[in-house]
Amino acid sequence: MVTESNLDDQVLNVLTSLCKLYAVHGVMEHLGEFIQDGYLSTSQVEAVTGKLMALMKEIRHNAVALVDAFDYPDALLSSCLGRYDGNVYQALYDYAKSSPLNQKDVLDSYEKYLKPMRGDTSNFAHPLRASKL
């Protein structure tokens with residue numbers, strides 16, 4: 001148990017908050033069942049929601065360290081944020097450039113669905129440039 005270990009006080013506080021977050025998250029995941037079975041009232045749901053927000057705010061300062069403690073490689077996390085090398089903005093830019101949505105000025109779905117609905121017969125290269133025609 002976390003509370004019965006010989007941990008540093010700061011580590012103990014973070015792990016205790018993490019355990020509480022896990023418990024509150026479990027309640028939130030099954031909130032409908034708790035309400036349906038009459039275990040939680042509206043005011044109790046508001047209190048649980050408030051506790052969830054407070055715990056996330058409390059844990060946020062240690063989130064990167066907690067994830068790093070599991071030693072997951074960046075590729076497994078599949079996230080541009082929280083990168084080990086710290087190059088968050090370059091990673092976000094590279095990800096956006098490689099996205100299939102950014103390979104064309106106008107997506108095929110525009111030509112197929114939106115353009116016919118608008119009754120647009122012009123052949124402009126970009127929807128934002130239409131106002132100039």
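The values are calculated or read from the model by the stated rules, or taken from the named source; none is laboratory data. Predicted model, so just to flag it, every value in this text is computed and none were measured. Cβ: placed from backbone, ideal geometry, glycine included. Neighbour counts: every protein chain shown. Heads up: the accessible areas ignore ligands, DNA and RNA and are worked out on the full protein's heavy atoms, side chains in. Shrake-Rupley method; radii C 1.70, N 1.55, O 1.52, S 1.80 Å.
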On a straight-distance basis, which lysines could pair with K20 in a cross-link, Cα separation under 21 angstrom, same-chain partners fewer than 8 positions away excluded? K51, K57
Lys/Arg Cβ at +1, Asp/Glu Cβ at -1, dipole of region 5-116 taken about the Cα centre: which of P73, A91, Y110 is farthest positive-ward? Y110
Considering only protein heavy atoms and a probe of 1.4 Å, how much of the accessible area of the chain is carbon and sulfur, as a whole percent? 58 percent
For K112, which lysines qualify as cross-link partners when the Cα separation must be under 25 Å and same-chain residues fewer than eight apart are set aside? K97, K104, K132
Could you work out the per residue convex hull volume over the alpha carbons of the chain, in cubic angstrom? 234 Å³
Mean accessible surface per residue for the chain, computed with a 1.4 Å probe while every protein chain stays in place, in Å²: 81 Å²
